[in-house]
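Peer 1: Just dropping this structure here.
The values are calculated or read from the model by the stated rules, or taken from the named source; none is laboratory data. These figures come from a predicted structure and were not determined experimentally. Heads up, the Cβs are rebuilt from the backbone with ideal geometry, glycines too, and the neighbour counts pull from every protein chain shown. Please note that ligands, DNA and RNA were not included when accessible areas were found on the heavy atoms of the full protein model with its side chains. Shrake-Rupley method; radii C 1.70, N 1.55, O 1.52, S 1.80 Å.
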Amino acid sequence: MLLKIRHALLEVANHPNAKQSAVIINNELIITSGCILQPYIRPILPFISDHSNENVCASTKIIHKLQQCRLVNAQDVDSDEAQHLNSINYQVTFDHRKLPPAVTDSKRDSNVPHILTRYRAKLLYIFSSQEISRNLHKMLNSMSFNESQTKDHNEVLLTSFLVLTMRPTNVAKTPEKFERFLEHIAHYLRYIHPIRPLDDVLTMCTPFGLENFYKTISIGKVSNVIGKNGSLFVLSNNLPLGCEGSAVFNNKLRLIGLIISTAFQRNNENLQMTIAANFAFLLRDFMNQLGIKITTITIPREPSNFAWERSLVVIDANGNQGTGTFVKVQNKKFIITCSHVVFQINSTVYCRGVDGEFESDVLWRNPNYDTAFDVALLSTPAHIPSRYCVRLAQTKPCLGQSVYNAGFPYFVNFNLKYDFNPSIFQGRIIKYTPAAIMSDGCVQAGQSGGPMFDEHGNIMGICVSNIKMDNVVYPNINNAIPIITIRSILEDYAKTNDIHILNNLVANPDIQRVWSLKPPPVISKL
């Protein structure tokens, strides 16, 4: 039996109304992210830790079970949890091809339109995956949500999943058939290969939960794999709200993940980051909690094919974190980063490379860090091999050229403590001037000072910031300092070892104007 994976839109038709993407497997099982229930599962404060207390609300009991990775059975009609969950109206919408009765299979036209049909769905279970929950908790240690009081239970729902069906009688009357169905899905997953950074992925989603956007395709790449076994992974394409619960497919169109989040709040700013849960792990934990024996699913995380990861450095300057790159110019090695990442000349910062932690001295930094050429140079340990260092690009960037923005966004604390695991976001150059390179490759907080690589591994830019207009940050439009513009000054410094030469890294008024997004001084009129 083959698996038929279909996209669907799940709607919670209570007040307030909520919609998000979902996955249907063989027209039998519906799976989606638990975050759709955030408006409905809200523990009454204060949050009572003793869930056996009869006075606690049903939401509190549900959250406690999910925190302990215990299955919440919505079919147990005698429990408060099930009664609360069954009071919610679930509807699933997906497409059926409308065919005239007289049309035979041999005469079917592939251009016949699909008709969206809405069905009543029955919630069977809610479960939380231990592996996914543990790794997301580590990653979110520096993040926060809009409502700090509900942060804990929102995090629990982020790593929880809903299992629904349109045929509740089949599950109730033939549980053995349901168990065999899950075992077949697990057998299918044995042929899934490890997920690696820069793997091609396809996401099928319904942005904003709007039917007009139903079955939207988003093509991107894996930017990072999180956890020892790769239970979470980050996508390069930023998806909007409503795409939670979407299916993520690999380049062989096999289901490998479910989107669990598309945005976070940090320092009162909305951060766009698409995180997916590895489908193998959530299925394994679901079957274990059902008591179904399953062969252990092991999908070890493999290193990426991105050969230049070893040139990246995490920088921690008194809590201010960023990214740097080992660079070799005229046989002189140094770390290049942004001035706003470090503090002052002759200070010491802490770094971590692929071989471990080390201290680095700030050799030089542009004192005007909020202007063009936001550059700083750090010392490198004597033992760093030359193969870790990248070379400066020698050619001007071209429009449409593929680039790789690399660094340590958001979960830099997670990487410093547990693993050296940079993110790689592929994009293209959309604008070039001697003042700045603009690309559509994602750049997020923590990537400041990180490299923009060309396809040959040369550093062609230093990532500085996103474009911000009217207090709105656009993570997929960003600025980088062109290496080709400052290359000659870096070469002169490498030849002479005269640190004062770097003082020439001062932008002229024209470059400063372009960097500041100011209009030209004169615009001709016809």
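Peer 1: Only bridges with both residues in segment 308-516 count here: give the DSSP antiparallel percent, nearest 5.
Peer 2: 95 percent
Peer 1: Something else about it: Want the number for residue 394 to residue 332: 0.36 nm per residue separation, take away the alpha-carbon distance, what's left? Each step should come with its number before you reach the end.
Peer 2: On the way: separation 62, 0.36 × 62 = 22.32 nm, distance 1.70 nm.
The span from residue 394 to residue 332 would gain 20.6 nm if fully extended.
Peer 1: Further, regarding this structure: Within 10 Å of each candidate Cβ there may be at most 16 other Cβ atoms; applying that plus a DSSP loop requirement, which trypsin sites (Lys or Arg not before Pro) in segment 342-450 survive? Could you put the intermediate results ahead of the total?
Peer 2: Details: sites: 352, 365, 387, 391, 417, 428, 431; in loops: 391.
Sites meeting the loop and neighbour criteria: 391.
Peer 1: Taking every alpha carbon pair in segment 341-472, what does the distance histogram look like in 5 angstrom bins from 0, in percent?
Peer 2: 2, 9, 17, 21, 23, 16, 9, 2, 0, 0
Peer 1: Students often check this: by mean Cβ neighbours within 10 Å, which of 83-90, 62-69, 284-291 ranks highest, and how do the rest follow? Don't jump to the answer; show the numbers that get you there.
Peer 2: Working: 83-90: 16.8, 62-69: 20.9, 284-291: 18.4.
Highest-to-lowest ranking by the protection proxy: 62-69, 284-291, 83-90.
Peer 1: Can I ask one more? Per residue, how much accessible area does segment 308-516 have with a 1.4 Å probe, in Å²?
Peer 2: Values: 8650 Å² over 209 residues.
On a per-residue basis, segment 308-516 sits at 41 Å².
Peer 1: If you roll a 1.4 Å probe over segment 308-516 with all protein chains in place, what percent of the accessible area is carbon or sulfur? Spell out each step's value before the answer.
Peer 2: Details: 3960 of 8650 Å².
Carbon and sulfur together cover 46 percent of it.
Peer 1: Grab segment 308-516 and count how many Lys pairs have their alpha-carbon atoms under 22 Å apart, sequence gap of 8 or more, or different chains.
Peer 2: Working: 328/396; 328/495; 332/495; 333/495; 396/431; 431/468.
Lysine pairs meeting both conditions in segment 308-516 amount to 6.
Peer 1: Which values of log₁₀ I(q)/I(0), to two decimal places, follow from the Debye formula for segment 302-379 at q = 0.11, 0.13, 0.17 Å⁻¹ with a uniform point scatterer at every Cα?
Peer 2: The Debye formula, applied to the Cα set alone, gives -0.28, -0.38, -0.63.
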